[in-house]
1. Can you compute 3J(HN,Hα) from phi for each residue in segment 115-125, using the Karplus curve 6.51 cos²θ - 1.76 cosθ + 1.60 with θ = phi - 60°, rounded to whole Hz and x for Gly and Pro?
2. Tell me which of GLY134, PHE169, ASN14 sits at the most positive position along the dipole axis of segment 6-175, charges placed on C-beta atoms (Lys, Arg +1; Asp, Glu -1).
3. Using the 10 angstrom Cβ neighbour count as an exposure proxy, how do LYS38, LYS165 rank, fewest first?
4. Quick one: net charge of PHE179's neighbours, Cβ under 15 Å, K/R +1, D/E -1?
5. Which order results if VAL153, VAL174, VAL34 are arranged by neighbouring Cβ count within 10 Å, fewest first?
6. Each label point is 7 Å from the Cα along the Cα-to-Cβ direction; what then is the distance between the points at THR110 and ALA37, in nm?
7. Local charge sum around HIS100 (other residues, Cβ-Cβ under 10 Å, Lys/Arg +1, Asp/Glu -1)?
8. What distance in nm separates the two pseudo spin-label positions at GLN60 and ASN75, each 7 Å out from Cα along the beta-carbon direction?
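No value in this document is a laboratory result; all are computed from the given coordinates. In this text the structure is predicted, and so the values were computed from the model without any measurement. Cβ placement follows ideal geometry from the backbone for every residue including glycine, while neighbour counts extend to all protein chains displayed.
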Amino acid sequence: MPLISAQTQFGLQNWLEAGLDYAQTPDLAHDAVVFNAKALLLTEDERAPNIAAGIWNVTQGQTPGYYLTLSKTLNYAQAQAERFRAHHRRSRKLLGRRIHIGTTLDGHGTFEPFAGTDLQLSETFVFQADWIRGPGNAATAGIVYNFPDQRTVLNPSILYSNDTKRLGFSLSFVHQFNF
């Protein structure tokens, strides 16, 4: 049965995002408006990764969850050199390759590690794969299609449930608005 949710995200500073989502919460049998926020604690360079922390599932009747994640561009030096040269030509040739690892602390006090990757295949396609340990989570793999406007994204994904050991499907359609 389809489970539809609505999500928002707002960039409050270049290091801080927050959002409101309308979705089914883990401990309630109905949808609710939930708050989330994340902060970039360290910006990556040639050696150091990005480090970010966040809080999610903040709503009445729920215990919030927290997370910490480290992400690294594997071809960082090449990507920075290409970014510097990009203003001299229209087509970029070097494509990004990122990995991320981290852990969540769910509302029940359980640590659940996660890992994943984003591999840019072309200017319009990105392969994404993630795994989150624990019940209610899944391993996912999908392709992101970036529309020509560079603000609209379609993301179909296959999920393998940690609970049921069955396959599922997720379809995400995202558009970025400038306010």
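1. In residue order, the calculated couplings are 8, x, 8, 10, 10, 6, 8, 7, 4, 10, 10 Hz.
2. ASN14
3. Going from sparsest to densest Cβ surroundings: LYS165, LYS38.
4. On the way: positive: ARG151; negative: GLU17.
So the environment of PHE179 carries a net charge of 0.
5. Working: VAL153 15, VAL174 12, VAL34 22.
Ranked by crowding around the Cβ, least crowded first: VAL174, VAL153, VAL34.
6. 2.7
7. 0
8. So the two model labels end up 5.1 nm from each other.
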